[in-house]
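Each reported figure results from applying straightforward, stated rules to the coordinates on display, with no laboratory input. Just so you know, these numbers come straight off a predicted model, no measurement behind them. Glycine gets a Cβ as well: all are built from the backbone with ideal geometry, and neighbour counts include every protein chain shown.
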Amino acid sequence: LEVIASVEPRIAEATRQELADQRGSLKLIASENYASPAVLMTMGTWFSDKYAEGTVGHRFYAGCQNVDTVETIASEHAKELFGAEYAYVQPHSGIDANLTAYWAILAHRVEGPWLQNAGVKNMNDLSEADWEKLRNELGNQRLLGMSLDAGGHLTHGFRPNISGKMFHQNQYGTDPVTGLLDYDAVAKKVKEFKPLILVAGYSAYPRRVNFAKMREIADSVGATLMVDMAHFAGLVAGKVFTGEENPVPYAHVVTSTSHKSLRGPRGGFILATEEYAPSVDRGCPMVLGGPLSHVMAAKAVAFAEAKTESFQTYAQNVADNAQSLAGGFLSRGAKLVTGGTDNHIVLLDVTSFGLTGRQAESALLDAGVVTNRNSVPSDPNGAWYTSGIRFGTPALTTRGFGHDEFDKVAELVVDVLKNTTPNATKDGAASKATYTLADGVAARTKGASAEM
Ligand code: PLP
């Protein structure tokens, strides 16, 4: 920090403050964690200064021998950790991984066969008229993913996102009564819509998915099954999700982030079958530019950490703690989407407290509980205000919280929300609850207006 302060003291101060804030509050955002010092330190090296567009042994720049070492180790670790045939560790983030995967699937399923049919090996040899036809063909494909309010991600075909614009998109939801995935309804929609790509995976669905069933559904129309395991990669790596709950043996392509439950550096990666590997390997320059070599190095360190027995214990604790948190809410009369959890996410419906998600998020933040508001299925308050709060256990599990602490968290949350009164707007709320947590984490409470 002293080195940073000598150049720009305000950045040093913000960095120091960020550490204080992350340590002095209860981090319950389901997509966040605390990476190890080894992971953090690996990101801060001179690999950041190196350009390495291309693939291992086939770069567009000279002097990439050490990046080749790093990328090889990272992908070998990923393949071994997840039992995958192929791993691509270049994507800079989860969104990059999904975009790269979509274009790789299009290259494999549409562009390749189209060029072969036209008897053309190189796209540059196409006439202008044929080029236009190929572009139309690529732009005419269908994608089906889980809707945002059911727990899917923006990149799964949400209209305002590029995935909803580059494909003809359609979405599947969850059962309106149980909130659970209805595989028969998904199968019916797939048969009607006939997507080229069926996307499974979620950001806010508090349950496990049966990927064998999803593959069977994809196969019924010859669709490619892509699973986005960004959220639960740590539970797959830690062998909490096995058999039909592990997407790797069932999906053609699996995308992920490395920084959520997997507890690595901020980044993305893709796993694929050998069939799809050559197309995914063209991620750079198809979609990506120079890889972040320092982050690929940190992914290798995180994958190595995730191979250990202690990571398996951690992953099991993440799932057990979600049960404790959900149990703590239910025993205090709170309402949960799907009635509970069997992964790392708990989705609290805050309408029974007379609050919007935004009001609840704001009141909890004032009590030192950092969460995010989230839509619930068929949310009456829309995607901005929402009616839910999403909780995740990965970060506090890293800090050593167990059953008793998560029960205490549930008590604190319910008490804050019970004592919060909405202001006139959907944004504002005022809470009277005050807390000091047993572990010494001081929970701040203003007891006044929490308008943002
Ligand atoms: N996929 C899923 C399921 C996610 O939940 C997220 C992030 O929240 C992403 C992709 C995007 O990841 P990133 O923020 O690294 O682009």
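Remarks
- Which listed residue, of 2, 85, is farther than 30 Å from residue 390 by Cα and over 27 Å from the mean Cα position of the chain (by Cα): 2
- Matching residues, the range 3-38, being of a type in the set (A, V, I, L, M), in a helix (DSSP H, G or I) and either farther than 23 Å from residue 231 by Cα or in contact with a Ser or Thr (Cβ under 9 Å, 6 or more places away or on another chain) (or both): 3, 4, 5, 11, 12, 14, 19, 20
For (1) over 29 Å from residue 241 (Cα atoms); (2) surrounded by fewer than 18 Cβ atoms within 10 Å (Cβ to Cβ), each residue gets a yes or a no:
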position	(1), (2)
61	yes, yes
64	yes, no
72	no, yes
76	no, yes
79	no, yes
89	no, no
94	no, no
101	no, no
107	yes, no
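- Some residue of the range 252-265 being surrounded by fewer than 22 Cβ atoms within 10 Å (Cβ to Cβ) and within 16 Å of the ligand (Cβ to nearest atom): no
- Unmet requirement for residue 187, which otherwise passes all of (1) within 16 Å of the ligand (Cβ to nearest atom); (2) assigned to a helix (DSSP H, G or I): (1)
- Selection from the range 83-103 of residues that are over 17 Å from residue 295 (Cβ atoms) and either away from the ligand (no atom under 16 Å from the Cβ) or part of a strand (DSSP E or B) (or both): 83, 84, 85, 86
- The residues of the range 373-389 that are farther than 15 Å from residue 337 by Cα and either in contact (Cβ under 8 Å) with a residue 12 or more places away in the chain or assigned to a strand (DSSP E or B) (or both), listed by number, are 381, 383, 384, 385.
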